Each structure stands twice: as structure tokens, then as C-alpha cells.
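Each remark here refers to the structure printed beneath this line.
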Amino acid sequence: MADRKPELLPGTLDLLVLRTLQAGPQHGFGIAREIQRRSGEVLAVEEGSLYPALHRLERRGSIEAEWGTSDSNRKARFYSLTRAGRTELRRQTEEWMRLSGAVQSVLGLGAS
Amino acid sequence: MSARAWRRDDEVEIDLELEFHVAEATDELVAQGVPREVARERALAKLGNVSRIRAECRRARGGDEIMVVRLQWCAIALLALALGILGLHWNAQRKEHELELAYLRVELASERLAASERELAVRTAARLLERVEAGAGVLGRLVERAPSPSDIGPAPAAPAAPEGALMPVTVQMFQLWGDDLRWVDYDELDAPGQPEGSAPAPLETQRSGGEHSAPPSARQSDEPAAPTDPDGEHRER
């Protein structure tokens, strides 16, 4: 039970994907591994939920996709952040900061 | 892009993307020392239900909306087709009813014409019958008024001419004076005492030109008797 990774909070997957793509284009597998690496192997993205989220963000216009070749010389679909996606990333980041701050305040962990 | 082409490309892209993910995860496990066959199974198990993921991806990309739109168009097309078939069927029935009505009208007109012809024939026959009856009445009256041969009597025998004399020409006529029917000699027609203008002029008088002013009896009295009539008398019967 010690190696059990906590699930992502609802609505946070889009924020993490947008933040990951801010560094540059990436395919789905790379996005999942990048989130896992940046979280210190704490957050594990449910892979079955990652790809529907990517297609939903693409439809909204926050990200765009393009087929390319991966480091392993395989054909992969690379996603990149759009201008609307950057705006959406800022909005969701501010919202998350406000929410997390509120939670920390409730928990008495924030600076008062 | 058509809905069918979009669906094909969309599902192909999703399958290629998921296949890439499984291949990368397998390589990652293989690098950790897991046999490739086992690594692929673990990668697939960690990914989850591929069919469900494919369906969620398609729904996330709006494929379901396109499917709904396509189903709507199919429903509209089927409805239009059904309405068209119903319209054709209704039109065919209407034409058939109109044709039956036309046949009935023709039959009715024929019956009326036949009845009119029968009525005309009956009226014509009635008129003809009336005329025949009227004609029969007139004929009956004429028959009643007509004298019988016994009333007329036999024709008088011509007088014997003297030998050597020329055969006297006696013209006898069957003359009807009113209701009296008798035999008369031709010469009697111009005899004095006859109603003036009631007898026709003798042919000889007509042939002689201007001498017809004097009656034959007068000429006979002034002139000597002709050889054919030595007695100088006129016969009257």
C-alpha cells in the first residue's frame, strides 16, 4: 500500500497536460511520463483517461496535433500548445492557485 | 471531408496513437528486464480497455455528434423516401379512382342516350300511328263515298256504223258530277244546258283554234249532217 500513488483531483489533468506542453511538443506517452517525473513519481496519470483528455483539449482549440517521428523512430502524434491554450493555462493556473490556497488556509498551512 | 472518411481517419489515428503508447511502454518494461511478451501484456493491461478508450476519444472529438447528424440525415432521407412512396401510391390510387369515375360517367351517358333514343323512337312510332289512323279514317270515308260498279252500270255499246261509213268515234267518259256518276259521251260535254265551265273543253275544239266559240251542237244544226251521222241526232245515254 506504500507504493500506491494518489489519484489526480478532478479537473487537474487538463491543467497538468497544458503545463507539460508549455515546454514544447510532446506525444501522449511522453506527457504521461513527464507528469510522473515532475511530480517526483507521486502522480500517476491514468493512461486510459489521458488520451480522451488530449482529444478534448484539441477539439476545444487549446492544443493542436501533428504526426511526427519519436526518439524511438516510431510514428507518433505530437501535441503542442496553441495561443488559446496558453491563455487557458494561465486561467486554470490562477484558479488552481486560488483553490489550493484556500485548501491550505483551511488546513492551516498557509501563511497568515 | 465526408463523415465516413472522417470516421475512418479518426479511428485509424486513435489506433496508431494507442499502438505507439503500448510499444513505448513495452520498450520501457523490456529495458527494466521484463520479457517482451510479458511486457506487452503489462503495457496493455495498464492502458486499460482499448475499446472504451477509443470510444471516449471519438466522443471527445465530436464523432458522436457527427454520427448523430448523420443519423438525422438518414432519418430525413428515409422520411422523404417514405413520403415519396406514399405520394406515388396516393397519386396512383387517385388516377385509378378518376378512371373508374370516367367509366361510370361514360356508362351513365350511354344509358341516358339509349333512354333518349328509346323515347324518341316511341314518340315517332306514336306519331306514325296517329298518321296511319288518320289516313285510315280518310280512306274509310272515301271508300264509303265511292260508288260501286253496279251504280255505274255497264259501258254502253258503241252504235253500229253503216256499211261503208267510217267508224264513228265516240268518246265516252266516266264523269263525276258531284255525287252523281254516269257515263257521258264526249260530245255531250259541250251540250247546251250543261253548267258553264263545269265540263272540260272537247279536244277537237281545242285543236280547231278560233272555232271553239260555237258549240258542236250549233255547228251541227247549221251545217248539213255529216255522212257518219245521217240522222243528225245526238245520242244521249
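Every number in this text was worked out from the coordinates using simple rules, so none of it is lab data. None of these values were measured; they are calculated from a predicted model. Here Cβ is always computed from backbone atoms with ideal geometry, including for glycine, and neighbour counts include all displayed protein chains.
At-a-glance table
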| quantity | calculated |
| --- | --- |
| Residue-averaged beta-carbon neighbours from other chains (10 angstrom radius) around A:50-58 | 6 |
| B:Thr124-B:His89 FRET efficiency (beta carbon distance; Förster radius 56 Å; 0.05 resolution) | 0.60 |
| Test item: B:11-23 mean partner chain Cβ contacts at 10 Å | 4 |
| Anisotropy class of chain A from Cα gyration tensor, a/c 1.5 cut | oblate |
| Integer Hz, Karplus 6.51/-1.76/1.60 couplings in order for region B:120-130, x for Gly and Pro | 5, 5, 5, 5, 4, 5, 5, 5, 4, 5, 4 |
| Per-residue [θ]222 nm for chain A (sum of -39500 (n - 2.57) over DSSP H runs n ≥ 4, rounded to 500) | -17500 deg cm²/dmol |
| Protection proxy ranking of B:93-105, B:30-42, B:9-21 - average other beta-carbon atoms within 10 Å, highest first | B:9-21, B:30-42, B:93-105 |
| Residue list for region A:71-104, given a label point 7 angstrom along the Cα-to-Cβ vector of B:Leu16 and an amide N cut-off under 18 Å | A:71-80 |
| Helix A:83-107 axis, angle to chain A major axis (alpha carbon atoms, nearest 10°) | 30 degrees |
